[in-house]
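Just below is one structure, and these are the notes that go with it.
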Amino acid sequence: MGVFEMNHPLIQHKLSYLRNKDTDTKIFRETLNEIAGLMTYEATKGLRLKEVETETPIMKTTTKVLADPVAIVPILRAGLGMVEGMVTFLPTARVGHIGVYRNEETLEPVYYYCKLPVDIAKSKVFLVDPMLATGGSANYAIDYLKQKGVKDISFLCIIAAPEGIERVQEAHPDVDIYAASIDEGLNEKSYIYPGLGDAGDRIFGTK
Ligand SMILES: O=P(O)(O)OC[C@H]1O[C@H](OP(=O)(O)OP(=O)(O)O)[C@H](O)[C@@H]1O
Ligand SMILES: O=c1cc[nH]c(=O)[nH]1
Ligand SMILES: [Mg+2]
């Protein structure tokens, strides 16, 4: 269990586009999904395999396939911006949704929606949200999933603040955290700096 900052040159190069305030919605969306895809490759290294019998055009043999069901669960809205990139590498993954937003005054997570795959408790779950700031939203979603019986959760984000990492690790030491960058901290409005601004607004063009 731990925290993994993904320093791969391709991820860092693409992250530079996300941070740039002049990057338009189209490029922002595309780049976010590309980074999510690259992160998926790395974050799935530990998935368990099982052997199955397969017949090639030449002979019978054994091959390896994923042993456990996999689910991707974006935290709405911004987490949606990572899903397409992830299913490119996990085409059989089911996708659940948890709707949680951060009250901008109290900074408390506000729950508004959830729909999860029926076999979620047996699944390896990749919980995804581009931003881990105070950690309130991530902790809420992890608590929620654990209440539904989920045992194996990894959290994937693009940018994490040290404060958020600490809070999630304290509450959920069993959850691995993967981030493209661990930034410097939170500003007076609890936005991550240098960060990339409000991820949801940048993905959906709402500001
Ligand atoms: O770690 P926290 O302090 O909880 O902040 C992070 C949360 O804030 C953002 O969502 P937001 O509330 O802006 O909702 P949105 O995705 O609908 O824009 C972000 O996408 C995270 O979910
Ligand atoms: O920097 C931040 C903090 C919370 N939510 C965002 O979208 N960005
Ligand atoms: Mg937002």
Q: Pairs only if they're at least six apart or on different chains, beta carbon under 7 angstrom, first in the range 102-127 and free of Cβ contacts under 8 Å to residues at least 12 places away in the same chain and within 16 Å of ligand 1 (Cβ to nearest atom), second open to solvent by less than 30 Å² (accessible area, probe 1.4 Å) and part of a strand (DSSP E or B); list them, first residue then second.
A: Val110/Val100
**Q.** Subset of the range 128-153 that is in a strand (DSSP E or B) and over 24 Å from Glu184 (Cβ atoms) - its residue that is most open to solvent (accessible area, probe 1.4 Å)
**A.** Asp152
Q | Entirely in the range 1-85, the strands (runs of 3 or more DSSP E) that have 1 or more residues that are open to solvent by 80 Å² or more (accessible area, probe 1.4 Å) and at pLDDT 95 or above | A | 3-5, 49-55, 60-66
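Looking at this structure, is Gly205 closer than 22 Å to Ser16 by Cβ and open to solvent by 10 Å² or more (accessible area, probe 1.4 Å)? Let's see the steps before the verdict.
Numbers: closer than 22 Å to Ser16 by Cβ: yes; open to solvent by 10 Å² or more (accessible area, probe 1.4 Å): yes.
The answer is yes for Gly205.
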Q) Quick one: is Asp174 within 9 Å of ligand 1 (Cβ to nearest atom) and modelled with pLDDT of 95 or more? A) no
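Give Leu186, Leu196 a once-over and let me know the one that is open to solvent by less than 20 Å² (accessible area, probe 1.4 Å) and within 20 Å of Val3 (Cβ to Cβ).
Exactly one residue qualifies, and that residue is Leu196.
The values are calculated or read from the model by the stated rules, or taken from the named source; none is laboratory data. Small disclaimer: the values here were computed from a predicted structure and weren't measured. No Cβ is skipped: glycine too gets one built from the backbone with ideal geometry, and neighbour counts run over all protein chains shown. The area values use the complete protein model at the heavy-atom level, side chains included, leaving out ligands, DNA and RNA. Shrake-Rupley method; radii C 1.70, N 1.55, O 1.52, S 1.80 Å.
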